[in-house]
Amino acid sequence: MQDIESLEAINQDELVRQIVLRTACFVRGGRLPGFVAAVGADAELDAETETTVLELARDETFLLACENQHARNLLFALRRPLECARLGRLAQLVRAPL
């Protein structure tokens, strides 16, 4: 249940979502070690941000699940108007006199 809540929280925050999705891209592309090294070497990041990002980067399964959920949300958002249009047409046909 906590993972579902985490996925929803990430979906609601644009900045966090972008960080998670980009980190997931690094996982898929095999470039996560370079990203982790860059985060660790960045003197401008505060300790809390660095710790949070590095902790997130260690959970590759969660990152890929977030990416998968985001893709599903996009697909649903694209399909929803089409389904509504089809249902609207079906409702018109049902109400039409025979």
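The values are calculated or read from the model by the stated rules, or taken from the named source; none is laboratory data. Quick caveat, the model's predicted, so the values are computed rather than measured. FYI the Cβ positions are ideal-geometry reconstructions off the backbone, even for glycines, and counts take in every protein chain you see.
Is there a residue in segment 55-65 that is under 25 Å from Leu7 (Cβ atoms), surrounded by 12 or more Cβ atoms within 10 Å (Cβ to Cβ) and touching a Phe, Trp or Tyr at 6+ places or on another chain (Cβ under 6 Å)? So far as segment 55-65 goes, no, none of its residues is under 25 Å from Leu7 (Cβ atoms), surrounded by 12 or more Cβ atoms within 10 Å (Cβ to Cβ) and touching a Phe, Trp or Tyr at 6+ places or on another chain (Cβ under 6 Å). Tell me which residues, restricted to segment 1-18, are modelled with pLDDT of 80 or more and under 10 Å from Cys66 (Cβ atoms). Val16, Arg17, listed by residue number.
Find all pairs meeting these conditions: Cβ atoms under 9 angstrom apart; at least six residues apart or on different chains; first residue within segment 49-60 and polar (S, T, N, Q); second residue surrounded by 14 or more Cβ atoms within 10 Å (Cβ to Cβ). Short answer, once both residue conditions are applied: Thr49/Val39. If you check Glu83 against the conditions, is it modelled with pLDDT under 90 and either of a type in the set (S, T, N, Q) or in a helix (DSSP H, G or I) (or both)? So Glu83 fits the description; yes.
Residues of segment 38-53 that are more than 18 Å from the chain's Cα centre (by Cα) and part of a helix (DSSP H, G or I): Ala38, Val39, Gly40, Ala41, Ala47, Glu48, Thr49, Glu50, Thr51.
Applying the criterion of being farther than 14 Å from Leu63 by Cβ and either touching a residue at least 24 places away in the same chain (Cβ under 8 Å) or surrounded by 11 or more Cβ atoms within 10 Å (Cβ to Cβ) (or both) to the residues of segment 12-37, the residue that is nearest to the chain's Cα centre (by Cα) is Asp13.
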